[in-house]
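Structure first, commentary second.
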Amino acid sequence: MTHAAPDAATAPLAQHHDRILILDFGSQVTQLIARRLRESGVYCEVWPFNAAPEARIRGFAPRGIILSGGPASVTEAESPRAPEVVFGMGLPILGICYGQQVMAHQLGGTVEGGHLREFGRAHIDVTGDCAITQGVWSRGAREQVWMSHGDRITKLPEGFRVVAASEGAPFAVIANDERRYYGTMFHPEVVHTPHGAALLRNFTHIVCGCTGDWTMGAFRAEMIEKIRAQVGSGRVVCGLSGGVDSSVAAVLLHEAIGDQLTCIYVDHGLMRANESEQVVATFRDRFNIKLVHRDASDLFLGQLSGVTDPERKRKTIGRLFIEVFEEEQTKIGGADFLAQGTLYPDVIESVSATGGPSVTIKSHHNVGGLPEGMRMKLVEPLRDLFKDEVRVLGRELGIPEAIVGRHPFPGPGLAIRIPGEVTKEKADILRHADSIYLEEIRNAGLYDAIWQAFAVLLPVRTVGVMGDGRTYDSACALRAVTSTDGMTADVYPFSMEFLTRVAGRIVNEVRGINRVTYDITSKPPGTIEWE
Ligand code: XMP
C-alpha cells in the first residue's frame, strides 16, 4: 500500500458530513470497520496510530474516534499507544480488541498476557446495558461474537463498568458512560459477529450523533465540484483499461469537465473477448467521451515473442504500456493532469506489524498506472472509496452493468494466463475458451457470486480422441474463486454437472484444446492468477 499525505487536492472530501476517525494499530480487519461505518452512511478515514499528530486530528474534526485491533501486546514496552490527545478532546471513543486494551492501559487499568486465548467464534453473556448495545442486545442474553486475542484486561480503569463477559474475556464489553468511552474485546466489524454492524451503528449514530448522510449521490455532486476546483481549465488524460475503476473515474471526470478530458485506451491485444469493442462503444458512443483507441497488439505481442519468464512478461508489458501511453498523450498535445482510478485501500497508510518490508510475490502492473517521470499532477476522484462503493457510484452514473459488475482483470491481461511464450494464436484460443466459460457462468446465474473466473491455457499438449481421430492439443485449466479483496481466496465449488458441461463445450468448440481441468487451489498457498 502506498503512503499518501493529505494535501489540498486530497483533503477529506466530506467536510460537510459527520466524520469518524479510525486509528489503526495494524489489525488485519481494520478496513472492515471503515466499510461498516460507510455502509451506515458515516464518512470515516483510517490513519495509522503513529501518523496522527494533534493538529491533523483536530483539523479532521471527527465526531468520534475508534481505536482498532492490532497484533501487538500492550504488555510489551515498545507496543503502540494511542496519541494522548484523543483522551483530551472530550470525544466519544470506541476501543476494539487491542484498541480496548490500549485505552484501558492508558487510562490507568491493567492488561495482562498469558490468559486463556480466544480465537474465532465465541459467546458472551450480556450482563448490563449501555448506549452501544441499546436495542441490539438485552441483559441476560448470550450472544455470538468473533474474538482474536491473547491478552486481556484484569483491572478496569476508573469510571468503567462491565456490560458483557465471556469465560476468556471477563471484560468483553466495557463502558464509561460519562466520558462516552466504550470497549469491546471482540471484533464487531467482522460478519462473524452477527450484530457487530448494529453495535458500530449505535456508537456512530447514538453516541457520536452522526446523521448518516454520507450517500453516493452526495459524493457524486461534491466530487464534481472538487474536480472542477482542482482542474480549472486544465487538460486531463485518463488511462482507460475497461475495468471498473478507470471506467468510473472517466465518467465522473467527464461529467465534471467534459471535453477537457481525453481517455487513452491502450489495447495490448491481451484483452478478453469483445472487451475492446465494448470500451469504444461505451465511452465514445454512449458517453461521448474523447477517446484515443490505440491498437498496439502487434507491438506487445512482438516484444513478448520468446519471453517465458513471468516477471519478464510483466515488466515488458508495463514498460510498453508506459511508452505507448506517453506517445499518445504527446500526440494529443499533452495534458496538465493525469487521472487515475486509485481506490481507498491503495491510499490507506499501512501499519506494518514487524516494521519490515514485505516480500514481492508478483510485480503488479496496473494498466493506467502512473508512468514515472511524467510531470503531470494527479486527479484521483475515487481515492475516498472502496471497490463496492465504486460500483455503486458507477451505477449511479449510468455505466452499464457489464462494466460495473465485471470481475477484476489484471493489467498484463491474458499474458499471465498463458504460462510460457505468448503468441497471438494462443491468445485467440484462450479468449475463445474463456468466453465460453464466462457465458456458462452467466447463464447459470453464478457470475456475481464469484470474485474472478477465467481460463488458463496450459503449455502442455495431451492426447485425446475425437470422432475417429487422435488429437494432440493443449490442455486448459479453469479457475474460479471467491474473495473479498483478492488477498485471500477460496475455490468456487461448482457442481460436477456444471464443470463437465463447460469442459464439453470447450473441447467441442475451441480448436486447439482437447482437455480441461479445474484448479482447486486456494490462496494461499496458490495465487489467483497462474503467473
Ligand atoms: P494474485 O494472482 O496475486 O492476484 O493472487 C490477486 C489479484 O490481483 C490481480 N492481479 C493484477 N492486477 N495488475 C493488476 O491490475 C497485475 O499485474 C495483476 N496481477 C494480478 C488478480 O487478477 C487478482 O484479482
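Some notes on this structure:
- Among the residues of the stretch 57-70, those identified as out of contact with any Ser or Thr (no Cβ under 7 Å at 6 or more places or on another chain) and farther than 18 Å from residue 160 by Cα are 57, 58, 59, 60, 61, 62, 63.
- Of all the listed residues (484, 471), the sole one being more than 23 Å from the chain's Cα centre (by Cα) and of a type outside the set (Gly, Ala, Ser) is 471.
- Selection count, the stretch 225-238, where residues are within 28 Å of residue 294 (Cα to Cα) and surrounded by 16 or more Cβ atoms within 10 Å (Cβ to Cβ): 6
- Looking only at the stretch 63-79, and only at residues there that are in contact (Cβ under 8 Å) with a residue 60 or more places away in the chain and assigned to a loop (DSSP other than H, G, I, E, B), the one that is farthest from residue 172 (Cα to Cα): 63
- Taking the criterion of being within 33 Å of the chain's Cα centre (by Cα) and of a type in the set (Gly, Ala, Ser), the residues of the stretch 91-132 that qualify are 95, 99, 104, 120, 122, 131.
- Residue match in the stretch 139-157 (condition: out of contact with any strand residue (DSSP E or B) (no Cβ under 7 Å at 6 or more places or on another chain) and closer than 28 Å to residue 53 by Cβ): yes
- Which listed residue is among the β-branched types (Val, Ile, Thr) and open to solvent by less than 10 Å² (accessible area, probe 1.4 Å), from 211, 204: 204
- Residue within the stretch 90-100 that is open to solvent by 50 Å² or more (accessible area, probe 1.4 Å) and more than 19 Å from residue 177 (Cα to Cα) present: no
- Whether a residue is buried (at least 21 other Cβ atoms within 10 Å of the Cβ), of a type outside the set (S, T, N, Q), in a strand (DSSP E or B) and at pLDDT 95 or above was assessed, and residue 132 does not pass this test.
- Among residues of the stretch 304-322 being exposed (fewer than 15 other Cβ atoms within 10 Å of the Cβ) and at negative phi, the one that is farthest from the chain's Cα centre (by Cα) is 305.
- Of all positions in the stretch 420-439, at least one carries a residue that is buried (at least 16 other Cβ atoms within 10 Å of the Cβ), modelled with pLDDT of 90 or more, part of a loop (DSSP other than H, G, I, E, B) and within 16 Å of the ligand (Cβ to nearest atom).
The values are calculated or read from the model by the stated rules, or taken from the named source; none is laboratory data. These numbers were taken from a predicted model, which means no experiment stands behind them. Every residue, glycine among them, receives a Cβ derived from its backbone with ideal geometry; neighbour counts consider all protein chains shown. To get the accessible areas, we keep the full protein, side chains included, count just its heavy atoms, and leave off ligands, DNA and RNA. Shrake-Rupley method; radii C 1.70, N 1.55, O 1.52, S 1.80 Å.
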